[in-house]
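Written out below as structure tokens is the structure these notes cover.
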Amino acid sequence: MKILITGTCGFIGYSLAESLLKKNNIVYGIDNLNDYYSVSIKKLRLKNLKQNKNFIFKKIDISNRNLLFKFFRKKKIDIIFNFAAQAGVRYSLIKPDSYFFSNLIGFLNICDLAKSLKVKKVFFASSSSVYGDAKKYPVKESFDLNPKNIYGLTKKMNEISAKTLSLDGKIKFIGLRFFTVFGEWGRPDMMLFKVMESYQKNLFFYLNDSGKHFRDFTYIQDVVSILNKLIKVNFKNNFQLFNVCSNRPIKVIKIINEMQNNLQGLKIKNVNPKILKKIEVNKTHGDNKKILNLMKEQKFTNFSVALKNTIDWYMKNKIYKIT
């Protein structure tokens with residue numbers, strides 16, 4: 001099978017590509033290698049993938065329509081996974097325009113490319129951010145959406161665009177609402193890796209709002225397992241949305257306490273970020289029954305085991321830095 005993964009040097013894109021290559025698929029990977037977080041980390045991921053002869057890479061920004069279509073002209077692609085996007089809730093306060101080019105224009109370019117290449121299925125990354133602060137938990141795919149930030153808004157617009165484009169019946173669009181994915185090779189701008197770098201450098205980790213908020217942490221190996229199974233599903237409807245989550249929200253302070261047990265001497269200092277409270281949700285908790293109904297069997301890794309795996313991996317790979 002020939003599979004295109006955009007954002008292949010990112011966390012989820014890399015992890016899926018690595019898995020698919022082990023199964024002898026041909027993987028086309030594209031990424032713009034931007035500097036939202038350390039480019040060296042992205043290059044390390046890319047270096048690993050390039051060791052497989054079935055991996056073909058091209059540095060492309062998906063907002064560059066001409067280059068995108070030029071590279072893929074006459075190529076045969078069976079499935080597209082679109083994971084290329086400007087990530088980060090807080091970064092949307094600093095550079096909101098970057099979300100427009102990558103998450104909106106870039107997404108529509110990928111949809112148009114899929115039509116040009118006669119691709120049958122397009123999986124695209126959405127986010128738990130589309131829900132905003134819900135009145136009822138766990139949130140289901142049928143709930144109303146109320147994003148609190150530009151990042152979540154662009155993901156909501158992706159879903160609307162995909163649903164509209166699916167009406168012609170030629171392409172099946174499957175939106176994946178990811179909930180706080182973590183694990184080996186994870187994004188260094190996310191909490192767990194910031195904690196570990198603070199420990200490694202003997203610095204304080206500044207914990208927002210005393211860790212009172214909840215997050216539905218989802219282990220990357222479980223995510224990759226689900227994505228591999230979704231490839232084989234014969235979707236009846238041309239447009240589907242799925243929560244990709246563990247359905248096990250954990251209070252952040254509990255995670256910090258567990259990390260302190262693993263990282264002796266970790267220093268924590270509480271802060272009260274009033275501005276961030278306006279754009280970040282207090283709780284994420286997704287209902288995963290819809291996606292589990294498609295899986296013959298899907299078990300989720302125990303959180304403590306997954307956390308320990310992540311910490312051990314990070315401490316072993318000390319070249320893995322945030323900056």
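So Lys236 passes all but one of these: (1) assigned to a loop (DSSP other than H, G, I, E, B); (2) touching a helix residue (DSSP H, G or I) at 6+ places or on another chain (Cβ under 9 Å); (3) of a type in the set (D, E, K, R). Which condition number does it fail?
Unmet for Lys236, out of (1) assigned to a loop (DSSP other than H, G, I, E, B); (2) touching a helix residue (DSSP H, G or I) at 6+ places or on another chain (Cβ under 9 Å); (3) of a type in the set (D, E, K, R): (2).
What number of residues within segment 215-233 are over 15 Å from Gly183 (Cα atoms) and either among the hydroxyl-bearing types (Ser, Thr, Tyr) or out of contact with any helix residue (DSSP H, G or I) (no Cβ under 7 Å at 6 or more places or on another chain) (or both)?
Residues that pass the stated criteria total 5.
Among the numbered criteria (1) at pLDDT 95 or above; (2) in contact with a strand residue (DSSP E or B) (Cβ under 9 Å, 6 or more places away or on another chain); (3) of a type in the set (Val, Ile, Thr), which single criterion is violated by Val224?
Val224 satisfies every listed condition except (2).
Every residue, every condition in (1) outside any loop (DSSP other than H, G, I, E, B); (2) free of Cβ contacts under 8 Å to residues at least 40 places away in the same chain, yes or no:
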position	(1), (2)
Asp35	no, yes
Ile41	yes, no
Gln51	no, yes
Ala85	no, no
Phe100	yes, no
Ser126	yes, no
Ala134	no, no
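Kindly indicate whether any position in segment 82-94 is closer than 24 Å to Lys22 by Cβ and either surrounded by fewer than 15 Cβ atoms within 10 Å (Cβ to Cβ) or among the small types (Gly, Ala, Ser) (or both).
Yes, segment 82-94 has at least one match.
Could you check how many residues of segment 53-64 are outside any loop (DSSP other than H, G, I, E, B) and surrounded by fewer than 15 Cβ atoms within 10 Å (Cβ to Cβ)?
Of the residues in that region, 2 qualify.
Hey, Lys172 hits all of (1) over 16 Å from the mean Cα position of the chain (by Cα); (2) free of Cβ contacts under 8 Å to residues at least 60 places away in the same chain but one; which does it fall short on?
Just one mismatch for Lys172, condition (2).
The rows are residues; the columns are (1) hydroxyl-bearing (Ser, Thr, Tyr); (2) more than 18 Å from Phe11 (Cβ to Cβ); (3) outside any loop (DSSP other than H, G, I, E, B); (4) in contact (Cβ under 8 Å) with a residue 60 or more places away in the chain.
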residue	(1), (2), (3), (4)
Leu104	no, yes, yes, no
Ile110	no, yes, yes, yes
Ser129	yes, no, yes, yes
Asp144	no, yes, no, no
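Just the residues that are among the hydrophobic types (A, V, I, L, M, F, W, C), assigned to a helix (DSSP H, G or I) and closer than 20 Å to Ala114 by Cα, please, taken from segment 5-19.
Leu16, Ala17
Which residues, taken from segment 149-163, are of a type in the set (D, E, K, R) and more than 18 Å from the chain's Cα centre (by Cα)?
Lys163, the sole residue that qualifies.
For segment 287-314, what are the residues that are in a loop (DSSP other than H, G, I, E, B), touching a Phe, Trp or Tyr at 6+ places or on another chain (Cβ under 9 Å) and farther than 23 Å from Glu184 by Cβ?
Asp287, Leu294
Considering segment 218-241 alone, what residues qualify as being over 15 Å from Phe300 (Cβ atoms), crowded, with 17+ Cβ neighbours inside 10 Å and either of a type outside the set (A, V, I, L, M) or under 13 Å from the mean Cα position of the chain (by Cα) (or both)?
Asn238, Phe239, Gln240
I'd like to verify a number: residues in segment 239-254 that are outside any strand (DSSP E or B) and in contact with a Ser or Thr (Cβ under 7 Å, 6 or more places away or on another chain), how many?
The number of residues fulfilling the criteria is 4.
Can you spot a residue in segment 87-100 that is in contact with a Leu (Cβ under 7 Å, 6 or more places away or on another chain) and more than 21 Å from Val224 (Cα to Cα)?
Looking through segment 87-100, at least one residue is in contact with a Leu (Cβ under 7 Å, 6 or more places away or on another chain) and more than 21 Å from Val224 (Cα to Cα).
Looking only at segment 255-269, which residues are farther than 8 Å from Gly211 by Cβ and either outside any loop (DSSP other than H, G, I, E, B) or touching a residue at least 40 places away in the same chain (Cβ under 8 Å) (or both)?
Listed by number, the residues that qualify are Asn257, Glu258, Met259, Gln260, Asn261, Asn262, Leu263, Gly265, Leu266, Lys267, Ile268, Lys269.
So which residues in segment 151-176 are buried (at least 23 other Cβ atoms within 10 Å of the Cβ) and over 18 Å from Asp112 (Cβ atoms), if there are any at all?
Residues satisfying the conditions are Tyr151, Gly152, Lys155, Leu176.
Pairs, please: C-beta under 6 Å, at least 6 apart or cross-chain, first residue among the aromatic types (Phe, Trp, Tyr) and in segment 186-212, second surrounded by fewer than 16 Cβ atoms within 10 Å (Cβ to Cβ) and not in a loop (DSSP other than H, G, I, E, B)?
Phe204/Lys267; Phe204/Lys269; Tyr206/Lys269; Tyr206/Val271
The values are calculated or read from the model by the stated rules, or taken from the named source; none is laboratory data. Because the structure is a prediction, the values reported are computed rather than measured. Glycine also receives a Cβ, built like all others from the backbone with ideal geometry; neighbour counts cover every protein chain displayed.
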